[in-house]
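Read-outs: derived from the displayed coordinates by stated rules, not from any lab. Small disclaimer: the values here were computed from a predicted structure and weren't measured. Don't worry about glycine lacking a Cβ; one is built from the backbone with ideal geometry, like all the others, and counts go over all protein chains shown.
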Amino acid sequence: MKKNIAIISSALMMLSTAAFAQKAEGLGATPQMGWSTWNKFGCNIEEGILRETADKMVELGLVDAGYVYLNIDDCWHGQRDSLGFIHEDLGKFPSGMKAMADYVHERGMKLGIYSDAGSKTCACFAGSQGHEYQDAFVYAQWGIDYLKYDWCYTEDVNPKSAYRVMRDALAATGRPIFFSMCEWGHSKPWEWAADIAHSWRTTGDIWPYFETIPEEFNGQWHGEPVLTLVDINEPLRAYAGPGHWNDPDMLEVGNGNLTEAENRAHFTLWCMMAAPLILGNDLTTMTQETLDIILNKDVIAIDQDPLGVQGLRLRRDGDVEYWFKPLEGGDWAFCAFNRGKEDVTVTLDWDSFKFTDEVSGCTFDPQGCKVRNLWDAKEKVRKIQKVKNLKIASHDVVLYRISR
C-alpha cells in the first residue's frame, strides 16, 4: 500500500490545475445506456449474476443496440484496509473486481460501480466521504468506467462541494469515468452540475408501478411510480443536453406488474425525455415482448439523437398528452400518450400543432411531411393527413417519426 500512496502522490503532482476543474470530456454525448443490478437484485449480487448478465447482453444484441454499461450498484463493498483503501467483498466477487472489469471489457462493454458522498452508502456499506481520491484511484486501477454516486448519510454535507471533490478525484486518475450524480434532485442539481457530472438524478427512486403505489405500502418506504417521475422531470428540459442529462432514474421495463402497454409507454417517455436508458430487469427470464421493446432501434434512436434536445409535453387534452422532440436533420418525434384507464380515439388536426420550440429554436410545421409509426412496422410510411383519427389504448402510446 505504501507503493500505492507514492503512485497517487506522483500522479497528482503531474496533473495540471485545469485537470481538476474538468469532468471527463467526450463522455455522455448522448444519454448513457446499460443495465444495473439494483432494480431486480438489490443487494443479492455476486459475480456469477454479473457474468451471466454480460453474456446475455451480448447474446441478445443489447450491446450492439447501445447498452454498453454493466453497472454494479450498492452492496459490492468489502472493508477498508488500515490505510483507508476500499476492497471488494471477496465472498461475492471471489475473482476480484479487476477480473470482473476484464470480463466485461472482453465482451465490448464497460463496467460501472457505485458509491456514496456520505459516510455510508444507502445499504450501510462504506461511503466515500473523506476517501474520494483513494476510491477514485482504486476504481481506475480496477478498470471502472462509470460511477453512480449516491446521497445517503450526508448530514451537513454541501452537495456542490461533495460532488466537485469526486469529479476532481475521478479526473485526477487520468481514466475517463462517466460520472452519474444521484442526489435525487433535492438541491436542484440541474441548475449547477453541468460542469460536474454527465447526468444527475432529478427525482427520487423509481418503483415498478405505473400510476400509483398500492395502499399496502402506506407507512413503509417506497419509491415513486413511473408517471410521477415523468411529471417531475419533463419541466427541466432546458437544462439537458450533450454531456449533461436529466435522469429520472433507471428503467423498470419488464419488472413488477407493468403491462406490455405500460412497459412500452415507460420506455417511450424515457426516450422522448432524452433520459438515460439503464435497464433493471432480469435478462435471463424476460418475455419476448419486453425484449422487443428494449431492442426497438428506431425508438432508441429518438433517445440517442445527436441533437440532444429533451422532448416537451406540448399539451394535454383530457387524458391524452401530446409530446414533441426535435431531432437532427429537421425530423421530429411525436408521441401521443393516453394516461387514462380507458382506450380512446382522438382526432389529430396536425395544423393545430404548429409551434416553435423555445429551447431548441426548431419549428414544427407538418406541411409536406411524412410519418412512420415506430411501434407498428406494419403501418406504411405515409404523408401526413391534415386530420387523422387515432386510437390509443389505455396507458399506451403511439409514436411517430416525422420527416420531410
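What to note about this one:
- Between segment 144-160 and segment 40-82, the Cα center-to-center distance that results, in Å: 21 Å
- When each of GLU260, GLU379, GLU88 is scored by the number of other beta-carbon atoms lying within 10 Å, the sequence from fewest to most is GLU379, GLU260, GLU88.
- Principal-axis tilt of helix 159-172 within the chain, Cα atoms, nearest 10 degrees: 70 degrees
- Farthest positive-ward along segment 312-403 dipole, Cα basis, beta-carbon charges - from GLY340, LEU390, TRP323: LEU390
- Qualifying trypsin sites (Lys or Arg not before Pro) in segment 340-380, where qualification requires a DSSP coil assignment and no more than 10 other C-beta atoms within 10 Å, comprise LYS341, LYS378, LYS380.
- One Cα centroid belongs to segment 216-287, the other to segment 293-339; the line between them spans 15 Å.
- Residue of GLU328, GLU252, GLU234 that the Gaussian network model of the chain assigns the largest fluctuation, springs spanning Cα pairs under 10 Å: GLU328
- Cut-off under 5 Å, modelled amide H: who pairs with CYS122 long-range: CYS152
- Counting every other Cβ atom within 10 Å of each residue's Cβ, SER82, SER403, SER199 order from fewest to most as SER82, SER403, SER199.
- Modelled label positions at ASP156 and LYS380, each set 7 Å beyond Cα in the direction of Cβ, lie 7.2 nm from each other.
- Loop sites in segment 177-236: GluC sites (Glu not before Pro), DSSP, at most 16 other Cβ within 10 Å: GLU211
- For segment 129-244, share of DSSP beta bridges that run antiparallel, in % to the nearest 5: 10 percent
- A simple rule links phi to the HN-Hα coupling: the Karplus curve 6.51 cos²θ - 1.76 cosθ + 1.60 with θ = phi - 60°, which for segment 391-404 gives 8, 10, 5, 4, 6, 10, 10, 10, 10, 10, 9, 10, 9, 8 Hz, with x for Gly and Pro.
- Cα Rg over Rh - segment 312-403, Kirkwood: 0.94
- Beta bridges per DSSP, both residues in the chain: antiparallel share near 60 percent.
- Sorted peptide list for 155-163, 143-151, criterion being average Cβ within 10 angstrom, highest first: 143-151, 155-163
- LEU291/ASN218 FRET efficiency (R0 30 Å; Cβ-Cβ; nearest 0.05): 0.30
- Entry note, segment 312-403: relative contact order of 33 percent, from Cα contacts under 8 Å with a spacing of 6+ residues.
- Percentage, to the nearest whole number, of Cα pairs in the chain over 26 Å apart: 54 percent
- Of ASP349, ASP303, ASP89, the one that fluctuates the most in a GNM where the chain has Cα springs shorter than 10 Å: ASP349
- Burial ordering of THR154, THR121, fewest other beta-carbon atoms within 10 Å first: THR154, THR121
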